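Read through the structure below, which is laid out as structure tokens, and then see the notes.
The values are calculated or read from the model by the stated rules, or taken from the named source; none is laboratory data. All of these numbers come straight from a predicted model, not from anything done at the bench. Cβ atoms come from the backbone with ideal geometry, glycine included; neighbour counts cover every protein chain shown.
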Amino acid sequence: MINFWKNKEILTITQDGTFTGRHVLLRPTKLCLSLLALSVAIWIGAVNYQVNVAYAVCFWVVGFIGVAALLTRRQLLGLHVHVDFSDEVFVGQTADVLIKMNGGTRSRVVWWRGEYAEIIDEDDASQLTAWQRADISGILTNHANPNQHTFTWHIPIRQRGYFPQPLLLRWATSAPFGLFHAECRLAWQSVAVAFAAPLPHNDFGTAALPDEEQTSQQAGAHGDDIAYLKNHQDGASLQHIAWKVYAKRGELMDKVFDEPPPSQHSEIISYCDYPQGTPIDKLASLLTYRVLQADKLGAPYTLELPNLTLTPQNGLREKCLNALALM
């Protein structure tokens with residue numbers, strides 16, 4: 001396949017960018033070539049028969065072709081594109097990437113599609129997505145983001161870790177007359193991460209047992225709220241005597257406090273719970289499932305990986321999923 005992009009620059013962005021003349025590739029269509037051939041024939045006839053009207057028609061056709069080239073190129077020039085992905089996606093799902101196009105005050109009719117290879121084989125459906133039409137109006141509709149139009153790019157995720165590269169977007173148009181075909185390409189340098197697909201299971205190692213020393217220390221603790229009063233027992237702490245009751249009634253009563261809820265133990269989610277030699281992708285999926293389950297239950301947990309340990313902290317779920325995705 002001929003690589004027409006050899007002398008044209010691909011716009012590389014991390015989030016947004018604007019197409020300029022060095023990004024737009026312009027090619028004549030068959031209709032344009034037919035009109036050029038017709039112009040040549042008219043010119044030859046005008047020279048041979050000295051027909052002034054034929055000269056005028058020839059110049060008019062050539063001028064029309066030139067104007068069509070400029071108008072088609074203008075469909076892509078100055079088009080501002082913003083690519084954003086802030087959601088989470090797991091292997092086997094589809095990442096819904098938002099594409100925001102801003103064409104300024106100029107109305108445009110363009111087609112776009114996603115591509116996953118530098119040189120595309122049109123017969124290989126896995127290398128590209130279907131063309132989608134984008135009608136970008138030049139009418140001001142939103143003062144905050146005038147003329148901004150949003151579309152969704154569905155990227156299939158087949159492996160964990162950073163999004164696969166290359167991630168390319170192609171824009172094409174033949175508007176307004178169909179005499180020329182203009183194209184430009186954008187390369188999205190994404191830092192988004194695809195999480196490992198959770199693999200449900202119950203056959204993992206025994207979770208860490210509670211700390212007996214910590215439990216014994218909490219066993220005799222009391223809360224701050226009085227639950228009820230009971231008759232005083234010899235040997236009981238004098239601090240627990242209800243002295244106000246004794247002053248009123250002359251009876252020694254002991255205060256009984258509400259017991260605090262037992263402290264939750266941090267579950268240990270460890271790679272050591274699985275046999276040595278477990279494939280790394282499978283291990284990531286197994287641990288991802290347990291992290292999601294622990295987060296769903298709301299209990300504290302700790303993730304142990306060969307070179308990293310994540311203890312209970314803010315944003316633990318996202319940090320654990322990222323660590324497993326890049327493990």
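Being closer than 30 Å to residue 35 by Cβ, at pLDDT 75 or above and not charged (D, E, K, R): is that true of residue 181 here? Answer is yes for this residue. Each residue in the range 276-322 was checked for being among the β-branched types (Val, Ile, Thr) and in a strand (DSSP E or B), and 2 pass. Residue 26 meets the conditions (1) surrounded by 17 or more Cβ atoms within 10 Å (Cβ to Cβ); (2) touching a helix residue (DSSP H, G or I) at 6+ places or on another chain (Cβ under 8 Å); (3) among the hydrophobic types (A, V, I, L, M, F, W, C) in every case but one. The failed one is (1).
The set of residues in the range 1-48 being modelled with pLDDT under 90, more than 23 Å from residue 119 (Cα to Cα) and among the aromatic types (Phe, Trp, Tyr) is empty.
Total residues in the range 36-54 satisfying the condition of being touching a residue at least 12 places away in the same chain (Cβ under 8 Å) and out of contact with any Pro (no Cβ under 9 Å at 6 or more places or on another chain): the figure is 6.
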